[in-house]
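These notes concern the structure reproduced below.
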Amino acid sequence: MPSNDASAIEQEGPDQAYRSRLKQGIFALPKCKSCNELHFFPRVVCPHCGEFELEWQTVSGKGEVYSTTTIRRKPERGGNYNVCLVTLEEGPRMMSRVEGVDSELVEIGDQVIASINNDDDEPFVVFTPNKEG
Amino acid sequence: MAHELRGSAAIVGAGLAGCGEAHGRMPLDILAEATHNALDDAGLKLSDVDGLFTGSSYHFMPTLSTAEYLGIKPRFSDGSMVGGSSFVAHTLNAASAIKNGLCEVALICYGSNQRTAGGKLATMSEQQIYEAPYKPRYPISSYALAAARHMHQYGTTREQMADVAVAARKWAQLNPAAFARDELTRQDVLNSRMISDPISLLDCCLVTDGGGAVIMVSSERAKDFPNKPVYLLGTGTAHWHRQITQMPDLTTTAALDSGKRAFAMAGLTKDDVDVVELYDAFTINTILFLEDLGFCAKGEGGAFVADGNIAPGGSLPVNTNGGGLSCVHPGMYGIFILIEAIQQLRGECGARQVKNPEVALVNGNGGVLSSQVTTILGTEAVL
Ligand SMILES: [Zn+2]
């Protein structure tokens with residue numbers, strides 16, 4: 001079980017620390033000990049204030065669609081799919097996709113909730129509509 | 001007090017080559033042909049060049065490959081890579097190098113065979129590892145996300161974006177060298193194949209071959225050349241992100257800063273600008289840059305372009321060569337907006353010539369709205 005402290009970043013590096021948590025079902029991001037802001041993508045420095053003391057914080061997974069696009073693809077190649085930007089409740093914004101709903105129905109401002117997709121070798125975060133808001 | 005670089009250097013030669021399709025040519029062949037034309041225009045020889053400024057999607061060390069090909073041994077060179085805005089940024093670095101005695105004759109140059117070599121955007125860009133799992137189309141999906149956000153936040157419409165493409169086409173129809181000159185209507189753009197909502201095929205720039213080159217010298221020397229010198233009045237650079245996820249606000253680009261910096265160096269305001277050349281990789285770009293450079297208020301870019309302001313006969317001539325949308329776009333378009341501004345200021349543009357322009361503004365874009373570089377050029381009248 002990875003621990004949410006700075007030494008984990010030093011040992012693994014920020015990218016590996018992020019991915020090793022995802023592999024264990026934990027969606028966590030680096031948080032600055034100085035300004036308390038979280039950031040994505042994971043780094044060794046806080047891009048908000050420039051300080052280097054960070055810890056890991058598990059995030060709620062709740063977010064809001066900041067922008068969305070449907071990439072058009074022929075049905076025989078898998079059909080249309082969604083690419084969006086989600087702003088997490090904790091502040092950071094990431095690229096992702098909304099699943100479980102037609103891409104064209106995804107709207108800016110939609111409330112979404114994260115899950116971890118394990119279909120590939122490397123897990124990644126996707127979102128579904130958050131009915132509870 | 002005026003900035004010491006304001007008016008310190010001038011462009012005395014400009015040349016294009018291979019715009020459209022340049023069969024049988026490699027990127028450096030096209031670059032060299034454009035360089036030949038620019039040198040001819042200035043009455044100079046390759047052996048006069050002692051400063052080299054270039055960027056490439058094909059050559060990892062572009063100044064080395066270019067100097068080797070041309071057979072020159074520059075004493076100063078700069079391959080700063082900020083995507084399509086690179087060549088606009090090079091104007092500042094070249095003027096600075098000239099001012100500091102690091103070189104005397106600066107060559108800023110580019111060439112690409114993107115169309116005949118395969119018809120796809122050539123890139124040496126590293127993969128963005130936190131975006132890759134979602135398979136965005138690069139770079140179009142990033143621009144689509146910005147357009148969708150602008151539509152959501154300000155009510156901008158696909159029709160207004162289409163009007164950017166229509167205005168560009170009308171300018172292209174006045175430019176015999178433009179690649180796409182067929183009749184184009186708003187409906188044609190709306191009906192074109194959707195690629196990444198809300199951006200459809202005709203919201204996207206062309207994929208062509210092409211090269212361009214300009215020659216810059218000190219203003220003292222500039223008076224001895226055959227052409228009317230075009231003076232560098234100001235350049236401002238700004239970048240706030242690399243990947244679209246890191247762009248603070250998808251409706252506001254760093255042109256907000258680059259524009260202010262360029263105007264401050266030039267000691268001018270937007271009201272002094274007679275002709276505007278913006279990097280229109282996609283129709284949303286023109287709207288964003290018009291707003292961020294202060295030609296209309298934030299959120300009003302859509303209405304501004306729909307009112308016909310930027311088309312021939314409008315209040316503000318924008319992208320008078322036909323732009324990346326209709327004239328030429330070999331991957332890194334920055335050199336072409338520079339050259340169109342130079343030709344307008346020299347009064348060489350024939351049917352598309354803006355009446356007696358004295359000040360031209362150029363805004364280069366690089367990455368995914370990532371790098372913005374604004375340059376203000378002027379004639380002797382505003383020196
Ligand atoms: Zn911080």
Looking at this structure, is B:Phe60 part of a helix (DSSP H, G or I) and outside the structural domain of B:Gly331 (by TED's automatic domain parsing)? no
Please pick out the residue among A:Arg77, A:Arg73 that is surrounded by fewer than 13 Cβ atoms within 10 Å (Cβ to Cβ), within 14 Å of chain B (Cβ to nearest Cβ) and either over 29 Å from A:Leu105 (Cβ atoms) or away from the ligand (no atom under 14 Å from the Cβ) (or both). A:Arg77
Can you name the residue in the range A:91-122 that is buried (at least 19 other Cβ atoms within 10 Å of the Cβ) and under 21 Å from A:Asp15 (Cβ atoms) and is also farthest from the chain's Cα centre (by Cα) among such residues? A:Arg97
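Conditions (1) among the hydroxyl-bearing types (Ser, Thr, Tyr); (2) in the same structural domain as B:Gly364 (by TED's automatic domain parsing); (3) more than 30 Å from B:Ser218 (Cα to Cα), marked per residue:
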site: B:Arg75; (1), (2), (3): no, no, no
site: B:Met81; (1), (2), (3): no, no, no
site: B:Ser86; (1), (2), (3): yes, no, no
site: B:Ala89; (1), (2), (3): no, no, no
site: B:Asn100; (1), (2), (3): no, no, no
site: B:Tyr110; (1), (2), (3): yes, no, no
site: B:Asn113; (1), (2), (3): no, no, yes
site: B:Gln127; (1), (2), (3): no, no, yes
Could you please give the count of residues in the range A:24-38 that are within 8 Å of the ligand (Cβ to nearest atom) and within 14 Å of another protein chain (Cβ to nearest Cβ)? 1
Give the residue, chosen from B:Gly211, B:Gly267, B:Gly259, that is in contact with a helix residue (DSSP H, G or I) (Cβ under 6 Å, 6 or more places away or on another chain) and either surrounded by 23 or more Cβ atoms within 10 Å (Cβ to Cβ) or modelled with pLDDT of 95 or more (or both). B:Gly211
Just to confirm my filter: which helices (runs of 4 or more DSSP H) fall fully inside the range B:72-183 and include at least 3 residues that are surrounded by 20 or more Cβ atoms within 10 Å (Cβ to Cβ) and within 14 Å of chain A (Cβ to nearest Cβ)? B:140-154
So, of the residues in the range B:21-38 that are within 11 Å of B:Ser112 (Cα to Cα) and of a type outside the set (A, V, I, L, M), which turns out to be surrounded by the most Cβ atoms within 10 Å (Cβ to Cβ)? B:Pro27
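Would you be able to say whether some residue in the range A:83-101 is hydrophobic (A, V, I, L, M, F, W, C), farther than 21 Å from B:Met247 by Cα, away from chain B (no Cβ under 14 Å) and more than 16 Å from the ligand (Cβ to nearest atom)? Full working, then the answer.
Let us first name the residues in the range A:83-101 that are hydrophobic (A, V, I, L, M, F, W, C), namely A:83-86, A:88, A:94-95, A:98, A:101.
The next check asks that each one be farther than 21 Å from B:Met247 by Cα; those that pass are A:101.
Next, only the ones that are away from chain B (no Cβ under 14 Å) stay: A:101.
Filter once more, keeping what is more than 16 Å from the ligand (Cβ to nearest atom): A:101.
Looking for residues that are hydrophobic (A, V, I, L, M, F, W, C), farther than 21 Å from B:Met247 by Cα, away from chain B (no Cβ under 14 Å) and more than 16 Å from the ligand (Cβ to nearest atom), one finds at least one in the range A:83-101, hence yes.
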In contact (Cβ under 8 Å) with a residue 12 or more places away in the chain, touching a Pro at 6+ places or on another chain (Cβ under 9 Å), within 14 Å of the ligand (Cβ to nearest atom) and away from chain B (no Cβ under 14 Å): is that true of A:Glu51 in this structure? no
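When you look at A:Tyr66, is it closer than 30 Å to B:Arg193 by Cα, within 13 Å of chain B (Cβ to nearest Cβ) and either at pLDDT 95 or above or more than 16 Å from the ligand (Cβ to nearest atom) (or both), yes or no?
yes
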Looking at the range B:190-214, which of the residues that are of a type in the set (Asp, Glu) and within 26 Å of B:Ser56 (Cα to Cα) is nearest to the other protein chains (Cβ to nearest Cβ)? B:Asp203
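The values are calculated or read from the model by the stated rules, or taken from the named source; none is laboratory data. Please read these numbers as outputs of a predicted model, since none were measured by experiment. Every residue, glycine among them, receives a Cβ derived from its backbone with ideal geometry; neighbour counts consider all protein chains shown.
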